[in-house]
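Colleague: Please see the structure below; I have some questions.
Any read-out appearing in this document is the output of simple, stated calculations on the displayed coordinates, not a laboratory observation. Quantities reported herein were computed from a predicted structural model and do not represent experimental measurements. Cβ placement follows ideal geometry from the backbone for every residue including glycine, while neighbour counts extend to all protein chains displayed.
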Amino acid sequence: MRPLDGIEVVAVEQAVAAPFATARLADAGAHVIKIERPGGDFARGYDDAAAGQSSYFVWLNRGKETRTLDLASEPGRAALADLLAGADVLVQNLKPGALARLGFSDAVLARDYPRLISCAISGYGTEGPFADRKAYDLLIQAESGLSSITGGPDEPARVGVSIVDIATGATAHSAILEALIRRGVTGQGARISVSMFDVMAEWLTVPLLNHEAGRTPGRVGLAHPSIAPYGVFHPGDGRPILISIQSDREWRALAEHFLDAPGLGTDPRFATNVVRVRNRAETDRIVAEAFARRSGAEAVAALVAADIAFASVNDMAGLSAHPHLRRIEVDSPNGPVTMPAPAARVEGETRRYGPVPALKPRET
């Protein structure tokens, strides 16, 4: 038995954020009915990288049943009402107010389906000066200020995955699970709203508080704005290596076993993280010289011996061939697709992952 066996979910969704949340519910055993507009979820057309199908759609819609309804029509709305009568959860990421205009306002949902947990995902929520704005992942990366601290010194950059959508979907998923737990105690449903802007603003708490304290973070590429040394260094050959020194104790270990200069561990210019950050250029120069004296294999061996955290600076080819990568295989209309396995693992449980649904003809 999976944790959400018997839970019925209706998803009026498209793109990434809401499908991310409902894919996790489906993985856990929920029966997810995905409502697609005539023509289908537009994410079906994002690319053709997964056996000729959209990588986004294949990743985020496994294990769901799909139905094609025109919710602008009376029969389409009636069909949705029938589905909601037997549903535990409704997830939707239509434009704010769209579902209410179709006759399914929060008040109607609370009256007609008192045990229903509804979750509305939007760009900016239903209140405030930006409530009516359209919003997509990269737009929120820019509007929230995330892009101002991402990239190198010369210009801001997009995070390389749809981080806002994924974060929003994960937030919605956890809120839905909380509501299901509470309903098990009280018997009452819930009306949940999650805004992409709110999610990313909360994730940006640390850089925001530093800015408001007069220490506005800059863009430092593959380095950490408030920890040193924490960045990329180049051995005499091979891939660049990123190291992370999280404590002054680790700095002393690095100084003794990798820099071959134990005295640097207690040198007043470097003994604490605060002064190492203040003297970042000199700190990084010393570490870079120690790397340059070693081959890649020698650097790795010395870091392991010193118990220093490090990583190879990989690309997608490196991930594809990575010895630690776990994969699952999912059926799709064009044949099986392998993809990275979900991160959470439960001892004694082997998850089954349902197929990716084909677009069905319009029903109503």
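Colleague: Could you check what % of the DSSP bridge pairs in the chain are antiparallel, to the nearest 5?
Modeller: Antiparallel: roughly 35 percent of the beta bridges in the chain.
Colleague: Quick query: amide H of Glu36 versus all other amide H atoms, modeled in the peptide plane; which residues come in under 5 Å with a sequence gap of 5 or more or a different chain?
Modeller: For Glu36, the qualifying residues are Arg67, Thr68, Leu69.
Colleague: Can I ask one more? Given R₀ = 30 Å, what would the calculated FRET efficiency be for Glu282 paired with Met316, taking r from the Cβ atoms and rounding to 0.05?
Modeller: In this case the efficiency is close to 0.30.
Colleague: Report the residues of region 225-257 in range of a label on Arg293: point 7 Å along Cα→C-beta, backbone N strictly under 12 Å from it.
Modeller: 255-257
Colleague: Measure out, as a whole number of angstrom, how far apart the alpha-carbon centroids of region 109-123 and region 163-212 sit.
Modeller: After rounding, the separation between the Cα centres reads 15 Å.
Colleague: Right, here's the next one. Please give the calculated 222 nm ellipticity per residue for the chain, where each DSSP H segment of at least 4 residues contributes -39500 (n - 2.57) and the sum is spread over every residue; nearest 500 deg cm²/dmol?
Modeller: About -10500 deg cm²/dmol.
Colleague: Give the peptides 50-58, 350-358 in descending order of average Cβ contacts within 10 Å, highest first.
Modeller: Going by the mean number of other Cβ atoms within 10 Å, highest first, we get 50-58, 350-358.
Colleague: Provide the per-residue ³J(HN,Hα) series for region 107-114, in order, calculated from phi with Karplus coefficients 6.51, -1.76, 1.60 and θ = phi - 60°, each as a whole number of Hz, with x at glycine and proline positions.
Modeller: Whole-Hz 3J(HN,Hα) from phi for region 107-114: 5, 5, 4, 5, 6, 8, 9, x.
Colleague: Starting from the exponent 0.38 and prefactor 2.2 Å, build the expected Rg for region 230-312 from its residue count and divide its actual Cα Rg by it.
Modeller: 0.98
Colleague: Going by average Cβ density within 10 Å per residue, which order do the peptides 167-177, 38-48 take, highest to lowest?
Modeller: 167-177, 38-48
Colleague: How long is region 288-351 along each principal axis, judged by its Cα atoms, biggest number first, in Å?
Modeller: Principal extents (largest minus smallest coordinate, Cα): 53, 30, 14 Å.
Colleague: Now for a separate question. Can you tell me the order of 136-146, 240-250 when each peptide is scored by its average per-residue count of other Cβ atoms within 10 angstrom, highest first?
Modeller: Going by the mean number of other Cβ atoms within 10 Å, highest first, we get 136-146, 240-250.
Colleague: Given a cut-off of under 8 Å on Cα pairs at least six residues apart, what relative contact order in percent is computed for the chain?
Modeller: That works out to 17 percent.
Colleague: Suppose the chain between Arg115 and Asp47 were pulled fully straight at 0.36 nm per residue; how much longer would it get relative to their current alpha carbon spacing?
Modeller: Contour length minus the Cα-Cα distance gives 20.6 nm.
Colleague: Same structure, new question: Helix 163-186 sits at what angle to the longest principal axis of the chain, using alpha carbons and giving 0 to 90 degrees rounded to 10?
Modeller: Helix 163-186 sits roughly 60 degrees off the main axis of the chain.
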